[in-house]
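Where a number appears in this text, it was derived from the coordinates with a stated rule and is not lab data. All values derive from a computational prediction rather than experimental measurement. Note that each Cβ is placed from the backbone with ideal geometry, even for glycine, and that neighbours are counted across all protein chains shown.
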Amino acid sequence: MNILVLNSGSSSIKYNLWEMTEKKLLCKGLIEKIGMDDSSMTFSANDEKKTIQKVIKNYNDGIQFILDTIISETGVLESIKNITDINAVGHRVVHGGEKITRSEIVTPEVKAIIEECISLAPLHNPHNLEGIKTIEKVLPGVPNVAVFDTAFHSTIPPKSYIYPLPYEFYEKYKIRRYGFHGTSHQYVSLKAAELLNIPYNQFNCITCHFGNGASIASIKRGASVDTTMGFTPLAGLPMGTRTGDIDPAIILYMIQQLGYTPEQVNDIINKKSGFLGISGISSDMREIREAVRKRDYRAKLTLKVFAHSAKRLIAAMTPELEGRLDALIFTGGIGENSGLTREIICKGLSIIGAYLDAEKNKLTKGEGIVSKDESPVKILVVPTNEELMIALETQRLVAK
Ligand code: ADP
């Protein structure tokens, strides 16, 4: 079975084509700047990478271009000679609200829910939906599956998702904690359970997804019970450009006392804060790391603030795990690649039984266990693969 995985953003479409018998990635690519004069597609297949400049006016053009490219450029692939060789399409959808608790075959009802949830994810859901509608047009009859970032967290209990606001804000407006990066937390926790040879439905772990966005999840017996992300992906840890948790009164102070408009504050807390805000250098951890090497005070402070926040959130996640934490898992661009960040975060986590092995932590590239042999809590690095998880979910639902 060949599955196309699409991640449709505001001006970009990311795609992956998977052959599911071998779980082999056949080709992948990214269209950027849809609707602009300098739009382009970068793709790779057969170890070759190419960029094509082309005016891509809209989603329809973009998806058609992806399909044409898959056939013309990657037609050498054994299994894809014709567009009909694509058996199903899996779509990343950010928000499924309360009604969606798992991946779903796309039906008119599912599309209506994605539409309903636009108010909860205005920057993502409209484009995710447009991707689905476009595929329905250009690949009629091919099943579409929607895989939701929020779905994995649908198991978190009310004590974790209810905000201490007047209850009507939950009842009337559905203001509650939802959680994001679910596909990644699910993928790496499944993989870690497999590596440690623990049945997933008995596996207790804390997963740290640290990329440009960052979140921590607490997983009890294979189900998410808590997450640092909230009503929106702005909550929790400081991120590349997002604040993470701050005292909500700061927002009011900025507006009422400092005279910022809500739009300006929105821009500051989403795009100018986090690593970029503290360091004044960059939102990118590699550049922060470089500045730390040059002993830049604010770069060092950025790392310290991030690690402090991660530590206290990891520790706060443990009481719900009934006294047994099997593993602490790091993933995402930072979690997978920055040994220094893992080292600073794990300093002090022996209190929860997690002992990092400095040597293994330094040497591990890709997947591996980086805790001391005697550490009661295993510390793992597991590269995330949200696209493969979406392909697996698509295969599972289509096979039903
Ligand atoms: P996204 O959340 O957009 O998918 P990624 O998961 O790719 O992002 O993570 C991006 C982050 O990972 C950036 O802050 C980047 O600097 C960081 N990163 C990537 N490689 C390394 C590395 N070798 N060392 C430290 N940080 C890294």
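Answer rounded, prolate or oblate for the range 17-138, using the Cα gyration tensor with square roots of eigenvalues a ≥ b ≥ c: rounded when a/c is under 1.5, else prolate when a/b is larger than b/c, else oblate. Show your work: numbers first, answer last.
On the way: a/c = 2.25, a/b = 1.41, b/c = 1.59.
Here the range 17-138 falls in the oblate category.
As a test of the formula, what do you get for the chain when each DSSP H run with n ≥ 4 contributes -39,500 (n - 2.57) and the sum is divided by the residue count, at 222 nm and rounded to the nearest 500 deg cm²/dmol? Present the calculation step by step, with values, prior to reporting the outcome.
Details: 15 runs with 151 residues, N = 400.
It comes out at -11000 deg cm²/dmol, rounded to the nearest 500.
Go through the range 349-394 and name the trypsin sites (Lys or Arg not before Pro) that are in a DSSP coil and have 13 or fewer other Cβ atoms within 10 Å of their Cβ.
Answer by residue number: K365.
Taking N as the number of residues in the range 66-162, what is its Cα Rg relative to 2.2 N^0.38 Å?
That works out to 1.28 for the range 66-162.
From the cross-link list K174/K304; K133/K159; K23/K50; K159/K311, which pairs have alpha carbons spaced over 27 Å apart?
K174/K304; K133/K159
Quick one: of the DSSP bridges fully inside the range 1-152, what percent are antiparallel, nearest 5?
Percent antiparallel among DSSP bridges in the range 1-152 is about 75.
Percent antiparallel among DSSP beta bridges with both residues in the chain, to the nearest 5? Let's see the in-between values first.
Numbers: 41 of 60 bridges.
Here the antiparallel bridges make up roughly 70 percent for the chain.
Relative contact order of the range 1-96: what whole-number percent is it, with Cα pairs under 8 angstrom and at least 6 residues apart?
Relative CO of the range 1-96 lands at 28 percent.
Treat each spin label as a single point 7 Å out from the Cα along the C-beta direction, and report the L258 to R295 distance in nm.
3.1
With unit charges on the beta carbons (Lys and Arg positive, Asp and Glu negative) and the dipole taken about the Cα centre of the chain, which residue among N58, L380, G9 sits farthest to the positive side?
Among N58, L380, G9, the one farthest towards the positive end of the dipole of the chain is L380.
Please work out the Kirkwood hydrodynamic radius for the range 102-203, using every pair of different C-alpha atoms, and report it in angstroms with one decimal place.
So the Kirkwood estimate lands at 15.9 Å.
Which value, in nm² and rounded to one decimal, describes the direction-averaged projected area of the C-alpha convex hull of the range 204-268? Display every interim value, and only then the final one.
Values: hull surface 19.3 nm².
Mean orientational projected area (the range 204-268, Cα hull): 4.8 nm².
With labels modelled as points extended 7 Å from the Cα through the Cβ direction, what inter-label distance (nm, one decimal) is found for K57 paired with I83?
It works out to 1.7 nm between the two label points.
Could you tell me what percent of the DSSP beta bridges with both partners in the range 262-400 are antiparallel, to the nearest 5?
If I count the DSSP bridges inside the range 262-400, around 40 percent turn out antiparallel.
Taking springs between alpha-carbon atoms closer than 10 angstrom, which of Y355, Y187, Y170 fluctuates most in the Gaussian network model of the chain?
In the Gaussian network model the winner is Y170.
Got the relative contact order for the chain handy, in percent, Cα pairs under 8 Å and 6 or more residues apart?
Relative contact order here is 14 percent.
Per residue and in Å³, how big is the convex hull formed by the alpha-carbon atoms of the chain?
So the per-residue hull volume is 161 Å³.
Sorted from largest down, give the three principal axis spans of the alpha carbons of the range 293-340, whole angstrom values.
Largest first, the range 293-340 extends 43, 19, 12 Å along its Cα principal axes.
Consider a paramagnetic label point 7 Å from the Cα of E322 along Cα→Cβ; state which residues of the range 183-201 have an amide N under 18 Å from it.
Within reach of a label on E322: 193, 198-201.
Cα axis of helix 262-271 to longest principal axis of the chain: angle in degrees, 0 to 90, nearest 10?
90
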